[in-house]
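*Asks:* Structure incoming, see below.
Every number in this text was worked out from the coordinates using simple rules, so none of it is lab data. Note that the coordinates shown come from a computational prediction; the quantities given were computed from them, not determined experimentally. With ideal geometry, Cβ positions are generated from the backbone for all residues, glycine too; neighbour counts draw on all protein chains shown.
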Amino acid sequence: MNSKKVVFVKDVPVGGKYPVVIQSMTNTKTEDYKGTMEQIRELYKRGAQLVRVSFPDVNCQDSFKKIVKDSPCPIIADIHFDHKLALLAIKLGASKIRINPGNISKKNLIEIIKAAKENNVPIRIGVNGGSLEKDVLKKFKYPSPDALYESLKLSIEFFLENDFDNIVLSIKSSDVVDMIESNLKLKNLPFPVHLGVTEAGGLLRGSVKNSIGISYLLLNNIGDTIRISISDSPLYEVDIAKMVLSSLHISSNFPDIVSCPTCSRTTFNVISIQKDVEKLVENFKGKIKIAIMGCVVNGPGEAKDADIGITGSGVNGVLFKKGRIVKTGPINEIIKSFYEEIKNYGKQN
Ligand code: SF4
């Protein structure tokens, strides 16, 4: 969405005028073909457009080969240290590979570049605090945003000297401010940028850290693909990514749910209904705005642009669409109709 250059990961364009691409990563053992495929299918159904799979050793090669063939979306091989694994992943059909060039010798990098070029496989150049070259670390003393940027710049120069520009850039840090500051330095580079806060923590903390870092950069026109990294189910990563993109109005093709924070005026169980609605729309691809407002003081008025909304008045419920009341009655009946409307909306769109 923000870079000058476009990179194609199989048939998925990243960068240029194309929308921000959502990616996630499996946390199954890659040797476990069945478990990994199940997770990839779930991630894809949920909205992931690219899925990264670890390629830790040669034991996963048979499974990886089948995964690449059977996956509904392009597969990125995640490689560390061993250039032979990168060569093998390319040979087995990886649509993109991710390496940290700081961890691989120049001689071996040249071999990877050659194979990637021959197979038209893009490479994500990853830089993080643990992958800095000795010289860079000596110069900057610690993995500061300047050090991370310097390391990435050296890698980019090396790839370009070797006549390879099919690259995606990434600088990751578990510190949100460092992640933002280092990525801001990428603004004038032409290559697509992968955004994420690494090792961000659990569901709640990780969501907050990733959302802050990624949103700040996207609003500053930096970033072409995003991965939310959390210590929890990768399915949440995709959900959070969709929420970030729709909250920023970068993609309107996802559901949006507005629900009030509840207070002493609340006339029905807003919190449990909100949770039910999140479940109803979890695999929903398409635009819909749903409102759950605890009382008529603020709903439907404050949610008049919602496609479908519910509010309560005394013991009665009110169902509304685009600010217009379409049904009133006992709250339990209205809740049932509300769920039906959402399901039908999902079928129509
Ligand atoms: S919509 Fe009504 S119930 Fe919900 S927080 Fe506002 S005043 Fe309270």
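*Asks:* Over the chain, what relative contact order in percent results from Cα pairs under 8 Å that are six or more residues apart?
*Replies:* 13
*Asks:* Here's a follow-up. Which of THR26, THR262 comes first, and how do the rest follow, when ranked by fewest Cβ neighbours within 10 Å?
*Replies:* The most exposed by this proxy come first: THR262, THR26.
*Asks:* If you line up the long axis of helix 331-348 against the longest principal axis of the chain, both from Cα atoms, how many degrees apart are they, to the nearest 10?
*Replies:* 40
*Asks:* Here is a follow-up. Multiply the residue gap between LYS107 and LYS45 by 0.36 nm, knock off their C-alpha separation, and tell me the result in nm, one decimal place.
*Replies:* Net length gain for the segment: 18.3 nm.
*Asks:* Here's another thing I want to ask about it. Output the peptides 323-336, 161-174, 76-89 sorted from most to least packed, where packing is the average of other Cβ atoms within 10 Å over each peptide's residues.
*Replies:* Order by mean packing, descending: 76-89, 161-174, 323-336.
*Asks:* Now for a different question. Measuring from label point to label point, each 7 Å out along Cα→Cβ, what is the CYS263 to ASP62 span in nm?
*Replies:* The two pseudo-label positions are separated by 6.4 nm.
*Asks:* Fewest first, what order do PHE140, PHE320 take by the number of other Cβ atoms within 10 Å?
*Replies:* Going from sparsest to densest Cβ surroundings: PHE140, PHE320.
*Asks:* Hey, another quick one. Just want to confirm a number: the relative contact order over the stretch 187-292, from Cα pairs under 8 angstrom separated by 6+ residues, in percent.
*Replies:* 23
*Asks:* How far, in degrees from 0 to 90, does helix 270-280 lean away from the longest principal axis of the Cα atoms of the chain, to the nearest 10?
*Replies:* Compared with the principal axis, the helix lies near 50 degrees.
*Asks:* Here's something else I'd like to know. For the chain, build the charge dipole from Cβ charges (+1 Lys, Arg; -1 Asp, Glu) around the Cα centre, then report which of SER174, ILE79, ILE113 sits farthest towards its positive end.
*Replies:* Going by the charge dipole, the pick is ILE113.
*Asks:* Oh, and also: How much length is gained if the chain between GLU157 and LEU184 is pulled fully straight, taking 0.36 nm per residue apart and subtracting their Cα-Cα distance, in nm to one decimal?
*Replies:* That pair, GLU157 and LEU184, stretches by 7.8 nm at full extension.
*Asks:* I'd like to know how the chain sits against the 2.2 N^0.38 Å rule of thumb: what's its Cα Rg over that expected value?
*Replies:* Against the compact-globule rule of thumb, the ratio is 1.12.
*Asks:* Now for a separate question. May I ask for the angle, rounded to the nearest 10°, between helix 33-46 and the longest principal axis of the chain, with both axes built from Cα atoms and the value confined to 0 to 90°?
*Replies:* Rounded to the nearest ten degrees, it is 50.
*Asks:* For the stretch 255-348, what are the per-bin percents of Cα-Cα distances with bins 5 Å wide, up to the bin holding the maximum?
*Replies:* In order of increasing distance, the bins hold 3, 16, 29, 28, 17, 6, 1, 0 percent.
*Asks:* Rank-order 305-314, 200-209 by packing density, defined as the average count of other C-beta atoms within 10 Å over each peptide's residues, highest first.
*Replies:* Top of the packing list down: 305-314, 200-209.
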